[in-house]
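Here is the structure we will look at, set down as structure tokens.
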Amino acid sequence: MALFGLGGKKSRVGLDIGSGLIKLAVVDHSSGEPELTKVAMTPVLADAIVEGEVMDPGVVTEAIRGLLSSAGVKTKGVAVAVGGRDLIIRKIQVDRMKESDAYDVIRWEAQQYVPFDIEAVELDFQILDPDSDGLQMDVLLVAAKRELVENKITLLSDSGLKAETVDVDAFALHNAFAVNYPEAMEGVCALVNIGNETTNVNFVVDGVPLLTRDLNIGTRKFREDLQRGKAMGAEEADEALRSTEQIPELAGYVTTRADEIAIGFERAAAFLQTAGVDAGKVQRFYMSGGGARINGIVEALGSRLGVSPEVVNPVQRLKVREGVFDDIELDEVAPLLLMAIGLGLRQA
Ligand SMILES: Nc1ncnc2c1ncn2[C@@H]1O[C@H](COP(=O)(O)OP(=O)(O)OP(=O)(O)O)[C@@H](O)[C@H]1O
Ligand SMILES: [Mg+2]
């Protein structure tokens, strides 16, 4: 499923434009099995992207250009993702029909679920039970404000690039997740991606990314905690967040912030309940994003929610070309790369 585009291609360049870091992953699709051939990342100046909105396009386009050129990527076509408040994902039911006939019906049906002007919306859908012969079919509906998609396309063209695909961020995460964790495609699983500004909570039910919610919390909040409460500088605070050692100054904040994430998680889980899924049955719990590296957070969230989280490794099962992680420490960046790799994995 993609909101826009997708053409046949041997190599796909996935570009995850985060508010803290821009990540790039190149996946070669020329043989039967996809292979990761390149990863790279570059920091974004603080406040250049705030709440998903690009405040300083010049800074961001320069960072993107710099990243591609230092990584030696000459391809102009890239895959990117959109997410946030201006996008909704919802499971709906409509009368069973052929996929080719479904678009107009679903577009009409979507009006009652989409809180924005349907004329200004990019729409996509997937029939979840195509092989069933029930009178009704389950459809996963995605609707994004057209502006959201257009802004992303403009940002790329201002960076000298072309958007080949505009994906949904939760689906890009899911895509990489599914390849590496096939065992999570059964039953109810949760994936919590803690980024710089946003934490995405995703529920996967029998392999379908059924529900996603964004929480307004990320490593930035932890940094501010340390800056305000422990008089650290921004750099020092960020180093503390990335450290694998225990940082005593951090411990108290980890507990409080993990509690905040847990509350958001439980609210999201309640929505799952209204969709008829027993959220108490979360069988597996995974974490990704830069925030998943904060010392103690996995344990804090796990004990608060009564689960045993696993930190995602996006190359757990994915083939990796020799030398890809020569200049970049896999252990340090693995959980941050899930979305970029998911975008690179998108096939025609
Ligand atoms: N190896 C690392 N290199 C750089 N930053 C790291 C590293 N490990 C953890 N971090 C922290 O993770 C943050 C970035 O995480 P991530 O890339 O998941 O967020 P993002 O995608 O930029 O943010 P968002 O999705 O919220 O816009 C950094 O701001 C930093 O605090
Ligand atoms: Mg991110």
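The values are calculated or read from the model by the stated rules, or taken from the named source; none is laboratory data. Small disclaimer: the values here were computed from a predicted structure and weren't measured. Cβ: placed from backbone, ideal geometry, glycine included. Neighbour counts: every protein chain shown. When the accessible area is computed, the model is the full protein with side chains, heavy atoms only, and any ligands, DNA or RNA have been set aside. Shrake-Rupley method; radii C 1.70, N 1.55, O 1.52, S 1.80 Å.
Calculate, for the stretch 31-124, the solvent-accessible area per residue in square angstrom, rolling a 1.4 angstrom probe over the heavy atoms of the protein chains. Write out the running numbers ahead of the final one.
Details: 5240 Å² over 94 residues.
Value returned for the stretch 31-124: 56 Å² of accessible area per residue.
Write down Rg/Rh for the stretch 165-238, rounded to two decimals, with Rg from the C-alpha atoms and Rh from the Kirkwood relation over Cα pairs.
Rg/Rh: 1.14.
In the full protein assembly as shown, how much of Thr165 is accessible to a 1.4 Å probe, in Å² to the nearest 10?
Around 0 Å² of this residue is reachable by solvent.
Across the stretch 292-304, in residue order, what do the Karplus-derived ³J(HN,Hα) couplings come to in whole Hz, using 6.51 cos²θ - 1.76 cosθ + 1.60 with θ = phi - 60° and x for Gly and Pro?
5, 8, 5, 4, x, 5, 4, 5, 4, 5, x, 6, 5
So what's Rg/Rh here for the stretch 148-195, counting alpha carbon atoms and using the Kirkwood radius for Rh? Intermediate values should be presented prior to the final figure.
Details: Rg = 14.7 Å, Rh = 12.9 Å.
Result: Rg/Rh = 1.13.
Show me, bin by bin at 5 Å from 0, the whole-percent P(r) of the stretch 1-101 based on Cα pairs.
Result returned by the calculation: 2, 10, 18, 18, 17, 14, 10, 6, 4, 2, 0.
Using a 1.4 angstrom probe on the protein heavy atoms only, could you order Tyr113, Tyr181, Tyr103 from most to least accessible area? List each step's numbers first, then the result.
Values: Tyr113 60, Tyr181 0, Tyr103 90 Å².
Ranked from most to least accessible, the order is Tyr103, Tyr113, Tyr181.
Taking the stretch 310-348, which GluC sites (Glu not before Pro) meet the DSSP loop condition and have no more than 11 other C-beta atoms within 10 Å?
Answer in residue order: Glu322, Glu329.
Skip the ligands, DNA and RNA, and give the accessible area per residue of the stretch 160-307 with a 1.4 Å probe, whole Å².
Accessible area per residue, the stretch 160-307: 42 Å².
For the stretch 272-344, list log₁₀ I(q)/I(0) at each q in 0.17, 0.26 Å⁻¹, using the Debye formula over Cα point scatterers of equal strength and ignoring solvent, two decimals each.
-0.77, -1.19
Pull up the DSSP beta bridges for the chain and report the antiparallel fraction as a percent, rounded to 5.
Bridges in the chain that DSSP calls antiparallel: roughly 75 percent.
Between Asp47 and Trp108, with labels modelled 7 Å along Cα→Cβ, what's the label distance in nm to one decimal, could you check?
Placing both labels 7 Å along Cα→Cβ, they lie 5.1 nm apart.
Quick check: the distance between the Cα centres of the stretch 269-335 and the stretch 155-229, to the nearest angstrom?
What the calculation gives is 10 Å, centre to centre.
As an exercise, find the ratio Rg/Rh for the stretch 87-145 from alpha-carbon atoms, using the Kirkwood inverse-distance average for Rh.
Dividing the radius of gyration by the Kirkwood radius yields 0.96.
In percent, what relative contact order does the chain have, based on Cα pairs under 8 Å that are 6 or more apart in sequence?
Result for the chain is 22 percent.
Tell me which residues come under 5 Å, amide H to amide H, from Val94 once H is placed; ignore anything under 5 positions away on its chain.
Met137, Val139
Summing -39500 (n - 2.57) over the DSSP H runs of n ≥ 4 in the chain and dividing by its residue number, what mean residue ellipticity at 222 nm do you reach, to the nearest 500 deg cm²/dmol?
Theoretical 222 nm ellipticity from helices: -10500 deg cm²/dmol.
In the stretch 184-311, if every C-alpha pair distance is counted and binned at 5 Å from zero, what percent goes to each bin?
Result, from short to long distances: 2, 12, 22, 24, 17, 11, 7, 5, 2, 0 percent.
Using only Cα atoms, what Kirkwood radius does the chain have, in angstroms?
Evaluated over the chain, this radius sits at 20.8 Å.
Size of the dipole of the stretch 184-311 about the Cα centre, Lys and Arg at +1 and Asp and Glu at -1 on the beta carbon, nothing else charged, in debye to 20?
It comes to approximately 200 debye.
Could you sort Lys76, Lys91 by their accessible area in this structure, using a 1.4 Å probe and putting the largest first?
Ranking Lys76, Lys91 by accessible area, largest first, yields Lys76, Lys91.
Round to a whole number: what % of the accessible area of the chain belongs to carbon and sulfur, probe 1.4 Å?
Heavy-atom surface of the chain belonging to carbon and sulfur, 1.4 Å probe: 46 percent.
Using amide H atoms built in the peptide plane, which far-off residues or other-chain residues are under 5 Å from Ile49 H to H?
The answer is Met55.
What fraction of the DSSP beta bridges in the stretch 184-311 is antiparallel, stated in percent and rounded to the nearest 5? It would help to have the intermediate numbers written out before the result.
Values: 14 of 22 bridges.
If we restrict to bridges inside the stretch 184-311, about 65 percent are antiparallel.
With +1 on each Lys and Arg Cβ and -1 on each Asp and Glu Cβ, and nothing else charged, work out how big the dipole of the stretch 1-97 is about its Cα centre, in Debye to the nearest 20.
Numbers: 12 positive and 11 negative charges, 89 e Å.
The dipole magnitude comes to about 420 debye.
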